[in-house]
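Each remark here refers to the structure printed beneath this line.
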Amino acid sequence: MFRKRKWIFAVLVVVLVVVGAAWWTASEREHEEPGVLTLYGNIDVRQVNLSFRVGGRIASLSVDEGDRVKTGQTLAALDDATFVAALKGAEAQQAKAKAQLEKMENGTRPEQIEQAAAAVRMFQAMERNAIAEHKRNTELIATDAVAKKDFDTTLAKQEETRAQVELASAKLKELQDGPRKEDIAAARADLKAADADVLARQTDLADAVLHAPSDGIIQTRVHELGAVVAAGTVVFTLTLDRPVWVRAYVSEPDLGKIRPGMKVTVRNDSGAKEYEGRIGFISPAAEFTPKSVETATLRTDLVYRLRIVVDNPGEALRQGMPVTVTIRL
(Lines give C-alpha, C1' and ligand atoms only; values in the text may rest on other atoms or scores of the structure.)
Protein backbone atom coordinates (compact mmCIF):
# COMPACT_ATOMS: atom_id res chain seq x y z
CA MET A 1 0.00 0.00 0.00
CA PHE A 2 2.86 2.38 0.88
CA ARG A 3 4.63 1.68 -2.39
CA LYS A 4 1.41 2.30 -4.33
CA ARG A 5 0.91 5.67 -2.63
CA LYS A 6 4.55 6.58 -3.30
CA TRP A 7 4.14 5.75 -6.99
CA ILE A 8 0.92 7.83 -7.22
CA PHE A 9 2.70 10.77 -5.54
CA ALA A 10 5.56 10.59 -8.03
CA VAL A 11 3.13 10.62 -10.96
CA LEU A 12 1.37 13.67 -9.51
CA VAL A 13 4.72 15.50 -9.18
CA VAL A 14 5.59 14.81 -12.81
CA VAL A 15 2.16 15.99 -13.96
CA LEU A 16 2.51 19.19 -11.94
CA VAL A 17 5.95 19.87 -13.44
CA VAL A 18 4.72 19.36 -16.99
CA VAL A 19 1.64 21.54 -16.40
CA GLY A 20 3.80 24.23 -14.79
CA ALA A 21 6.28 24.23 -17.66
CA ALA A 22 3.47 24.52 -20.18
CA TRP A 23 1.90 27.39 -18.22
CA TRP A 24 5.28 29.18 -17.97
CA THR A 25 5.94 28.79 -21.70
CA ALA A 26 2.46 30.10 -22.54
CA SER A 27 2.92 32.97 -20.13
CA GLU A 28 6.26 33.88 -21.69
CA ARG A 29 4.77 33.87 -25.15
CA GLU A 30 1.93 36.13 -23.97
CA HIS A 31 4.45 38.65 -22.66
CA GLU A 32 6.54 38.64 -25.85
CA GLU A 33 6.12 41.81 -27.87
CA PRO A 34 4.28 41.11 -31.12
CA GLY A 35 6.48 41.34 -34.23
CA VAL A 36 9.70 40.95 -32.23
CA LEU A 37 12.01 37.93 -32.20
CA THR A 38 14.36 37.63 -29.23
CA LEU A 39 17.50 35.47 -29.47
CA TYR A 40 20.33 34.78 -27.06
CA GLY A 41 23.97 34.38 -27.95
CA ASN A 42 27.60 35.14 -27.14
CA ILE A 43 30.17 37.62 -28.39
CA ASP A 44 32.79 36.33 -30.83
CA VAL A 45 35.97 38.21 -31.74
CA ARG A 46 38.89 37.17 -33.90
CA GLN A 47 42.34 36.49 -32.52
CA VAL A 48 45.63 36.47 -34.44
CA ASN A 49 48.81 34.63 -33.50
CA LEU A 50 51.68 37.00 -34.29
CA SER A 51 55.14 35.68 -35.16
CA PHE A 52 58.28 36.62 -37.06
CA ARG A 53 58.65 35.28 -40.60
CA VAL A 54 62.35 34.78 -39.89
CA GLY A 55 64.11 33.26 -36.91
CA GLY A 56 66.51 34.96 -34.50
CA ARG A 57 67.08 36.36 -31.03
CA ILE A 58 64.44 38.74 -29.63
CA ALA A 59 66.13 42.10 -29.05
CA SER A 60 63.12 44.17 -27.96
CA LEU A 61 59.51 43.77 -26.82
CA SER A 62 57.48 46.97 -26.87
CA VAL A 63 54.13 45.80 -25.47
CA ASP A 64 52.75 43.53 -22.77
CA GLU A 65 49.54 41.65 -22.06
CA GLY A 66 46.52 43.95 -21.90
CA ASP A 67 48.12 46.75 -23.92
CA ARG A 68 46.02 48.30 -26.67
CA VAL A 69 47.84 48.58 -29.99
CA LYS A 70 47.19 50.35 -33.29
CA THR A 71 47.66 49.11 -36.84
CA GLY A 72 51.33 49.24 -37.84
CA GLN A 73 52.62 49.74 -34.29
CA THR A 74 55.98 48.07 -33.56
CA LEU A 75 55.51 45.19 -31.14
CA ALA A 76 58.89 43.45 -31.11
CA ALA A 77 62.18 43.19 -33.01
CA LEU A 78 64.93 40.62 -33.55
CA ASP A 79 68.67 41.24 -33.46
CA ASP A 80 69.25 42.36 -37.07
CA ALA A 81 73.08 42.08 -37.31
CA THR A 82 72.89 38.86 -39.35
CA PHE A 83 70.28 40.29 -41.70
CA VAL A 84 72.25 43.51 -42.27
CA ALA A 85 75.41 41.53 -43.12
CA ALA A 86 73.50 39.30 -45.54
CA LEU A 87 72.03 42.37 -47.25
CA LYS A 88 75.46 44.00 -47.68
CA GLY A 89 76.83 40.80 -49.23
CA ALA A 90 73.90 40.62 -51.65
CA GLU A 91 74.36 44.27 -52.61
CA ALA A 92 78.05 43.64 -53.37
CA GLN A 93 77.16 40.74 -55.68
CA GLN A 94 74.55 42.94 -57.32
CA ALA A 95 77.14 45.67 -58.03
CA LYS A 96 79.54 43.09 -59.48
CA ALA A 97 76.88 41.65 -61.80
CA LYS A 98 75.85 45.12 -62.92
CA ALA A 99 79.44 46.08 -63.76
CA GLN A 100 79.94 42.86 -65.73
CA LEU A 101 76.82 43.50 -67.80
CA GLU A 102 77.83 47.11 -68.51
CA LYS A 103 81.26 45.89 -69.60
CA MET A 104 79.73 43.49 -72.12
CA GLU A 105 77.15 45.94 -73.42
CA ASN A 106 79.81 48.65 -73.97
CA GLY A 107 81.85 46.27 -76.14
CA THR A 108 85.63 46.06 -76.56
CA ARG A 109 87.72 49.12 -75.77
CA PRO A 110 89.50 50.74 -78.79
CA GLU A 111 92.84 50.34 -77.06
CA GLN A 112 92.41 46.57 -76.91
CA ILE A 113 91.53 46.41 -80.60
CA GLU A 114 94.61 48.47 -81.48
CA GLN A 115 96.85 46.18 -79.42
CA ALA A 116 95.43 43.13 -81.20
CA ALA A 117 95.97 44.80 -84.63
CA ALA A 118 99.58 45.58 -83.70
CA ALA A 119 100.13 41.95 -82.75
CA VAL A 120 98.80 40.87 -86.14
CA ARG A 121 101.21 43.22 -87.91
CA MET A 122 104.12 41.97 -85.81
CA PHE A 123 103.42 38.32 -86.59
CA GLN A 124 102.95 39.16 -90.29
CA ALA A 125 106.43 40.76 -90.35
CA MET A 126 107.88 37.70 -88.64
CA GLU A 127 106.13 35.50 -91.20
CA ARG A 128 107.63 37.46 -94.11
CA ASN A 129 111.14 37.12 -92.65
CA ALA A 130 110.61 33.41 -92.11
CA ILE A 131 109.39 32.95 -95.71
CA ALA A 132 112.38 34.86 -97.12
CA GLU A 133 114.87 32.92 -95.02
CA HIS A 134 113.39 29.58 -95.99
CA LYS A 135 113.39 30.60 -99.68
CA ARG A 136 117.14 31.25 -99.50
CA ASN A 137 117.75 27.89 -97.84
CA THR A 138 115.66 26.21 -100.55
CA GLU A 139 117.99 27.64 -103.24
CA LEU A 140 121.13 26.76 -101.29
CA ILE A 141 120.23 23.20 -100.37
CA ALA A 142 120.25 22.22 -104.05
CA THR A 143 124.02 22.93 -104.13
CA ASP A 144 124.60 21.49 -100.67
CA ALA A 145 125.56 24.98 -99.48
CA VAL A 146 123.29 24.66 -96.45
CA ALA A 147 122.77 21.78 -94.07
CA LYS A 148 119.51 19.81 -94.17
CA LYS A 149 118.99 20.69 -90.50
CA ASP A 150 119.02 24.43 -91.19
CA PHE A 151 116.59 23.92 -94.07
CA ASP A 152 114.16 22.09 -91.80
CA THR A 153 114.50 24.80 -89.14
CA THR A 154 113.53 27.63 -91.49
CA LEU A 155 110.64 25.57 -92.80
CA ALA A 156 109.30 25.06 -89.29
CA LYS A 157 109.81 28.75 -88.52
CA GLN A 158 107.78 29.65 -91.60
CA GLU A 159 104.87 27.40 -90.52
CA GLU A 160 105.03 28.65 -86.93
CA THR A 161 104.81 32.33 -87.89
CA ARG A 162 101.93 31.60 -90.30
CA ALA A 163 99.99 29.98 -87.41
CA GLN A 164 100.74 32.96 -85.15
CA VAL A 165 99.37 35.34 -87.76
CA GLU A 166 96.17 33.32 -88.06
CA LEU A 167 95.73 33.21 -84.27
CA ALA A 168 96.33 36.95 -83.86
CA SER A 169 93.95 37.72 -86.73
CA ALA A 170 91.22 35.61 -85.14
CA LYS A 171 91.74 37.38 -81.81
CA LEU A 172 91.47 40.76 -83.53
CA LYS A 173 88.21 39.77 -85.23
CA GLU A 174 86.76 38.55 -81.92
CA LEU A 175 87.53 41.87 -80.25
CA GLN A 176 86.10 43.82 -83.18
CA ASP A 177 82.83 41.78 -83.08
CA GLY A 178 82.44 42.30 -79.33
CA PRO A 179 80.75 39.96 -76.79
CA ARG A 180 78.32 37.32 -78.06
CA LYS A 181 74.59 37.88 -77.62
CA GLU A 182 74.40 34.72 -75.52
CA ASP A 183 77.05 36.04 -73.11
CA ILE A 184 75.21 39.35 -72.74
CA ALA A 185 71.94 37.49 -72.06
CA ALA A 186 73.70 35.40 -69.40
CA ALA A 187 75.07 38.55 -67.79
CA ARG A 188 71.57 40.06 -67.69
CA ALA A 189 70.25 36.90 -66.04
CA ASP A 190 73.04 37.08 -63.43
CA LEU A 191 72.06 40.67 -62.63
CA LYS A 192 68.38 39.71 -62.25
CA ALA A 193 69.36 36.93 -59.86
CA ALA A 194 71.46 39.39 -57.86
CA ASP A 195 68.54 41.87 -57.76
CA ALA A 196 66.21 39.13 -56.49
CA ASP A 197 68.69 38.16 -53.78
CA VAL A 198 68.94 41.78 -52.62
CA LEU A 199 65.14 41.99 -52.45
CA ALA A 200 64.99 38.77 -50.43
CA ARG A 201 67.60 40.06 -47.96
CA GLN A 202 65.72 43.38 -47.64
CA THR A 203 62.53 41.45 -46.90
CA ASP A 204 64.29 39.40 -44.23
CA LEU A 205 65.58 42.58 -42.60
CA ALA A 206 62.11 44.14 -42.65
CA ASP A 207 60.56 40.95 -41.24
CA ALA A 208 62.90 41.14 -38.25
CA VAL A 209 60.49 43.78 -36.91
CA LEU A 210 57.00 42.67 -35.83
CA HIS A 211 54.11 45.10 -36.43
CA ALA A 212 50.47 44.99 -35.37
CA PRO A 213 48.31 43.98 -38.36
CA SER A 214 45.20 45.64 -36.88
CA ASP A 215 43.87 47.54 -33.89
CA GLY A 216 43.35 45.36 -30.84
CA ILE A 217 44.50 44.23 -27.41
CA ILE A 218 47.48 42.00 -26.64
CA GLN A 219 45.91 38.86 -25.19
CA THR A 220 49.09 36.87 -24.43
CA ARG A 221 52.84 37.48 -24.52
CA VAL A 222 54.55 34.15 -25.07
CA HIS A 223 58.31 34.96 -25.07
CA GLU A 224 60.70 37.28 -23.28
CA LEU A 225 63.81 39.29 -24.23
CA GLY A 226 66.76 37.22 -25.36
CA ALA A 227 64.70 34.21 -26.39
CA VAL A 228 65.78 32.60 -29.66
CA VAL A 229 62.71 31.85 -31.73
CA ALA A 230 62.26 29.99 -34.99
CA ALA A 231 60.35 31.42 -37.93
CA GLY A 232 56.62 31.15 -37.29
CA THR A 233 56.93 30.79 -33.49
CA VAL A 234 54.08 32.67 -31.78
CA VAL A 235 55.28 35.72 -29.83
CA PHE A 236 51.97 37.50 -29.15
CA THR A 237 48.27 36.71 -29.44
CA LEU A 238 46.26 39.75 -30.55
CA THR A 239 42.51 40.12 -30.00
CA LEU A 240 41.15 42.30 -32.80
CA ASP A 241 38.77 45.21 -32.30
CA ARG A 242 37.03 44.51 -35.59
CA PRO A 243 35.00 42.62 -36.53
CA VAL A 244 32.87 41.79 -33.47
CA TRP A 245 30.17 39.18 -33.97
CA VAL A 246 27.36 37.63 -31.98
CA ARG A 247 27.02 33.87 -32.29
CA ALA A 248 23.35 33.07 -31.79
CA TYR A 249 20.86 30.35 -32.74
CA VAL A 250 17.35 30.50 -34.16
CA SER A 251 14.79 27.70 -33.97
CA GLU A 252 13.50 26.04 -37.11
CA PRO A 253 9.95 27.59 -36.86
CA ASP A 254 11.48 31.11 -36.69
CA LEU A 255 14.03 30.52 -39.46
CA GLY A 256 11.71 31.77 -42.18
CA LYS A 257 11.17 35.07 -40.38
CA ILE A 258 14.72 36.33 -40.73
CA ARG A 259 17.16 36.97 -43.59
CA PRO A 260 20.73 38.26 -44.02
CA GLY A 261 20.99 42.04 -43.77
CA MET A 262 18.16 42.52 -41.27
CA LYS A 263 18.92 45.11 -38.59
CA VAL A 264 19.06 43.96 -34.97
CA THR A 265 19.65 45.37 -31.52
CA VAL A 266 22.27 43.78 -29.23
CA ARG A 267 22.23 44.24 -25.45
CA ASN A 268 24.48 42.69 -22.82
CA ASP A 269 23.32 41.56 -19.39
CA SER A 270 23.90 44.94 -17.78
CA GLY A 271 21.54 46.51 -20.32
CA ALA A 272 23.40 49.80 -19.94
CA LYS A 273 23.86 50.23 -23.66
CA GLU A 274 22.31 48.89 -26.82
CA TYR A 275 24.33 48.20 -29.96
CA GLU A 276 23.13 48.24 -33.52
CA GLY A 277 23.96 45.34 -35.80
CA ARG A 278 22.78 43.26 -38.73
CA ILE A 279 22.43 39.61 -39.60
CA GLY A 280 25.47 38.69 -41.64
CA PHE A 281 25.22 34.93 -42.01
CA ILE A 282 22.65 32.19 -41.51
CA SER A 283 23.97 28.64 -41.47
CA PRO A 284 22.54 26.49 -44.27
CA ALA A 285 22.73 23.41 -42.05
CA ALA A 286 21.09 22.65 -38.71
CA GLU A 287 23.27 22.17 -35.66
CA PHE A 288 21.35 18.96 -34.88
CA THR A 289 20.07 16.52 -37.49
CA PRO A 290 17.13 14.39 -36.21
CA LYS A 291 16.86 10.70 -36.91
CA SER A 292 14.31 9.50 -39.42
CA VAL A 293 12.16 7.93 -36.68
CA GLU A 294 11.55 11.25 -34.91
CA THR A 295 8.16 12.87 -35.12
CA ALA A 296 7.32 16.18 -36.77
CA THR A 297 7.10 17.77 -33.32
CA LEU A 298 10.66 16.84 -32.45
CA ARG A 299 11.86 18.22 -35.76
CA THR A 300 10.91 21.71 -34.60
CA ASP A 301 13.71 21.51 -32.02
CA LEU A 302 16.26 22.12 -34.78
CA VAL A 303 18.36 25.28 -34.45
CA TYR A 304 20.45 27.18 -37.01
CA ARG A 305 23.50 29.25 -36.25
CA LEU A 306 23.52 33.00 -36.94
CA ARG A 307 26.38 35.43 -37.23
CA ILE A 308 25.33 38.95 -36.29
CA VAL A 309 27.80 41.75 -37.07
CA VAL A 310 27.88 44.55 -34.48
CA ASP A 311 28.41 47.91 -36.20
CA ASN A 312 30.11 49.95 -33.45
CA PRO A 313 31.04 47.55 -30.66
CA GLY A 314 33.37 49.81 -28.67
CA GLU A 315 35.36 48.19 -25.87
CA ALA A 316 32.54 46.88 -23.66
CA LEU A 317 31.78 43.75 -25.69
CA ARG A 318 34.32 41.03 -24.96
CA GLN A 319 34.94 37.47 -26.06
CA GLY A 320 32.30 35.02 -24.81
CA MET A 321 30.06 37.65 -23.21
CA PRO A 322 26.34 36.59 -23.23
CA VAL A 323 24.04 39.03 -25.02
CA THR A 324 20.39 39.37 -26.02
CA VAL A 325 19.51 40.02 -29.64
CA THR A 326 16.24 41.70 -30.58
CA ILE A 327 14.98 41.48 -34.18
CA ARG A 328 11.96 43.48 -35.28
CA LEU A 329 10.15 41.45 -37.94
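The values are calculated or read from the model by the stated rules, or taken from the named source; none is laboratory data. Quick caveat: nothing in here was measured; it's all calculated off a predicted structure. FYI the Cβ positions are ideal-geometry reconstructions off the backbone, even for glycines, and counts take in every protein chain you see. Protein only, heavy atoms only, side chains kept; ligands, DNA and RNA dropped before computing areas. Shrake-Rupley method; radii C 1.70, N 1.55, O 1.52, S 1.80 Å.
A count restricted to segment 44-67 and to residues that are part of a loop (DSSP other than H, G, I, E, B) and open to solvent by 30 Å² or more (accessible area, probe 1.4 Å) stands at 7. Just one of the listed residues (ARG121, ARG128, ARG109) is more than 30 Å from LEU205 (Cβ to Cβ), surrounded by fewer than 14 Cβ atoms within 10 Å (Cβ to Cβ) and within 47 Å of the chain's Cα centre (by Cα), namely ARG109. So, THR143, is that one modelled with pLDDT of 75 or more and among the β-branched types (Val, Ile, Thr) or not? Against the criterion (modelled with pLDDT of 75 or more and among the β-branched types (Val, Ile, Thr)), THR143 does not qualify.
Quick grid of which residues meet (1) in contact (Cβ under 8 Å) with a residue 60 or more places away in the chain; (2) in a loop (DSSP other than H, G, I, E, B); (3) closer than 21 Å to VAL323 by Cα; (4) in contact with a strand residue (DSSP E or B) (Cβ under 8 Å, 6 or more places away or on another chain):
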site	(1), (2), (3), (4)
ALA200	yes, no, no, no
PRO213	yes, yes, no, yes
GLU224	yes, yes, no, yes
PRO243	yes, no, yes, yes
VAL246	yes, no, yes, yes
TYR249	yes, no, yes, yes
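Report, by residue number, each residue of segment 288-323 that is at pLDDT below 70 and either in contact with a His (Cβ under 9 Å, 6 or more places away or on another chain) or part of a loop (DSSP other than H, G, I, E, B) (or both). PHE288, THR289, PRO290, LYS291, SER292, VAL293, GLU294, THR295, THR300, ASP301, listed by residue number. From the list LYS70, LYS88, the one residue that fits, being open to solvent by 90 Å² or more (accessible area, probe 1.4 Å), under 30 Å from PHE236 (Cα atoms) and within 28 Å of the chain's Cα centre (by Cα), is LYS70.
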